[in-house]
Amino acid sequence: MSPDQTTRTSKFLSLVLRHQPETAHITLDSAGWTGVEELLRGCAQARRSITREQLEYIVETNAKKRFEFSPDGARIRASQGHSIQVDLAYEPQEPPELLYHGTATRFLDSIRAKGLLKMERHHVHLSAETKVTMQVGARHGKPVLLTIRAIAMTAAGHAFYRSTNGVWLVEHVPLEFIQFPEL
Ligand code: HQG
């Protein structure tokens, strides 16, 4: 598979496993899983044929580790980022003292009014590292890095979850826990 094909297939898998399973004629169970066989058959039916080896390669090498196999290898799901209703069944975990969120300057007025909202996703996505966060923000405009006082939030009763691929997830970040950079 060329790098281009790999990226295209990975985007198609994100679409199918997070947002529109019907595009590949599959269904997801309540925790977001689907059978690998079912997925391969559905991709072929949608004229996006891939082999099991290609699927394994994408799961293994995907930069953000977006997809995971079940321990027995029979099922596959996206580790986070869904828009359809799934319960990924992550347990609450203690976050590091600070977490980061990359956004765009054009959203700042609204964030200053409402805090961080989950918008179309199931959670607000936070990162323990600043490196990727600026890229995440840059997808929306001029990037800006917000610092979240995560431990202080847990003390106030907010539950944090960590996806299999290391993204920190929370329902909402109220304004008082957000540190804004001086622009
Ligand atoms: C912003 C990627 C106005 C929020 C990344 C963000 C991430 C507000 C946008 C994952 C707001 C939502 C998620 C408010 C938040 N007013 N705007 N009150 N509160 N926003 O794409 O965090 O490639 O849903 O700052 O690695 O950008 O999909 O979220 O800019 O983990 O695997 O509303 O997507 O992973 O945008 O990105 P998104 P995100 P994948």
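Worth a mention:
- Inter-label distance, Glu129 to Lys64: 1.4 nm, where each label sits 7 Å from its Cα along the C-beta direction.
- Using the 1.4 Å probe convention, the accessible area of the chain works out to 56 Å² per residue with neighbouring protein chains retained.
- Global geometry of region 3-78, whether rounded, prolate or oblate, following the gyration tensor of its Cα atoms and the 1.5 cut on a/c: rounded
- Here the 3J(HN,Hα) profile of region 112-127, calculated from phi with Karplus coefficients 6.51, -1.76 and 1.60 at θ = phi - 60°, is 5, 8, 10, x, 8, 10, 7, 6, 7, 8, 8, 8, 6, 9, 10, 10 Hz, Gly and Pro shown as x.
- Virtual spin-label span in nm between Ala31 and Thr105, 7 Å along Cα→Cβ: 4.5 nm
- With the charge dipole of the chain set up from +1 on Lys and Arg Cβ and -1 on Asp and Glu Cβ about the Cα centre, the Cα lying farthest toward the positive end among the listed residues Pro3, Ser14, Phe180 is that of Pro3.
- Shape call, region 134-183: gyration tensor on alpha carbons, a/c limit 1.5: oblate
- Full extension of the chain between Tyr90 and Arg139 gives 15.0 nm of extra length, using 0.36 nm per residue less the Cα-Cα distance.
- Rounded to whole Hz, the Karplus (6.51, -1.76, 1.60) HN-Hα couplings of region 85-93, x for glycine and proline: 6, 9, 10, 6, 6, 6, 8, x, 9
- Residues whose placed amide H lies under 5 Å from that of His172, excluding near-sequence neighbours: Val124
- Amide proton proximity set for Lys118, modelled H, under 5 Å, gap of 5+: none
- Computed extension length for Leu183-Ala113: 23.5 nm, one decimal, from 0.36 nm per residue of separation with the Cα-Cα distance subtracted.
- The string of couplings for region 52-69 from the Karplus curve (6.51, -1.76, 1.60, θ = phi - 60°) is 4, 5, 5, 4, 4, 4, 5, 4, 5, 9, 4, 4, 9, 6, 6, 10, 9, 8 Hz, one whole number per residue in order, with x for Gly and Pro.
- Reach of Lys142 by Cα under 23 Å, taken over lysines that are not fewer than 8 positions away in the same chain: Lys64, Lys114, Lys118, Lys131
- Close amide-amide hydrogen proximity is noted between Arg75 and Val36, Ser70, each under 5 Å apart and 5 or more residues distant or on a separate chain (H modeled in the peptide plane; Pro and chain starts excluded).
- Just the protein heavy atoms count here, and of the accessible area of region 1-79 at 1.4 Å, carbon and sulfur take up 49 percent.
- Max mean-square fluctuation residue, GNM over the chain, Cα-Cα springs under 10 Å, options Lys118, Lys65, Lys131: Lys131
- Net charge over other residues, Cβ less than 15 angstrom from the Cβ of Met119 (K, R count +1; D, E count -1): +4
- Mean projected area of the Cα convex hull of the chain, taken over all directions, amounts to 11.1 nm².
- Shape category assigned to region 98-179 from the gyration tensor of Cα positions, a/c cut at 1.5: oblate
- Region 21-53 and region 106-123 have their alpha-carbon centroids 33 Å apart.
The values are calculated or read from the model by the stated rules, or taken from the named source; none is laboratory data. The structure presented is a predicted model; accordingly, all values stated were derived computationally and were not measured. All Cβ positions, glycine included, derive from the backbone under ideal geometry; neighbour counts span all protein chains shown. Accessible surface areas use protein heavy atoms only, side chains included; no ligands, DNA or RNA. Shrake-Rupley method; radii C 1.70, N 1.55, O 1.52, S 1.80 Å.
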